[in-house]
Amino acid sequence: MTTQAFRMQLRPGTVEEYRRRHDAIWPELSELLTASGIRDYSIFLDEETLALFAVLKLTSDNTRAALPDHPVMKRWWDHMAPLMEVEPDNRPREWPLVPMFHLA
């Protein structure tokens, strides 16, 4: 299993709605992420900058790269697009984070 981390960016005034939507995450999205090999997925908020920091584990046989083509993923991105910085296809803009330290 590998760990990946990345940053995303919320728009001002959207923190509570972002939290509300994730608290009510669609079961079909949770199932899709798990079936794609994503495990132990957490998102953290820097309240000062509204930056989101995501950390997840990927199984060796993950299919995360295929998620952008899945209808459920596209629907979720469309649902979340008003709340955050996105690419032209409504995928959240992601900035990869470089591992600097790990204590096991």
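Here, each number is a calculation from the coordinates, and none is a lab measurement. Please read all numbers here as calculations on a predicted model, not as lab measurements. A quick note on method: Cβ atoms are made from the backbone with ideal geometry, for glycine too, and the neighbour counts reach across all protein chains shown.
Grab the beta carbon distance between residue 102 and residue 23, set R0 = 25 Å, and tell me the FRET efficiency rounded to 0.05. Walk me through the intermediate numbers first.
Numbers: r = 29 Å, r/R0 = 1.16.
The pair residue 102/residue 23 has a calculated efficiency of 0.30.
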The chain: radius of gyration over Cα atoms, expressed as a fraction of 2.2 N^0.38 Å
1.07
Using alpha-carbon pairs under 8 Å, 6+ residues apart, how would you state the relative contact order of the range 2-96 in percent?
40
Run through the range 23-104 and list the chymotrypsin sites (Phe, Trp or Tyr not before Pro) located in a DSSP loop whose Cβ has at most 10 other Cβ atoms within 10 Å.
101
